[in-house]
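Here the structure comes first, spelled out in structure tokens, and everything after it is commentary.
No lab work stands behind these numbers, since they all come straight from the coordinates. All of these numbers come straight from a predicted model, not from anything done at the bench. Because the Cβ atoms are built from the backbone with ideal geometry, glycine has one as well, and the counts that use them run over all protein chains shown.
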Amino acid sequence: MAFPWWLGGGLLGLLRQWFFKVWDKIDDPTKKLIIESVVKAFQEILRAFYKWWQQRGGKL
């Protein structure tokens with residue numbers, strides 16, 4: 001693996017630890033709203049990409 005030092009420890013490990021510390025403090029209804037918002041945004045990004053891809057004549 002090219003960057004094993006930041007996968008388990010290092011920068012990525014610190015960011016992951018920080019994220020879960022914050023995530024654990026959030027109540028369940030708020031977590032649900034966050035997850036739904038992320039999923040909706042991701043769906044919109046995928047739809048836009050697919051539309052762009054089709055206009056270019058791409059086939060999936």
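Quick look at the values:
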| read-out | value |
| --- | --- |
| Simple label model, 7 Å out from Cα along Cβ direction - Ser37 to Gln55, nm | 2.8 nm |
| Per-pair calculated FRET efficiency, R0 = 30 Å: Trp23 and Ile45 via Cβ, rounded to 0.05 | 0.85 |
| √(5λ) per eigenvalue of the Cα gyration tensor, the stretch 10-54, largest first, Å | 29, 17, 4 |
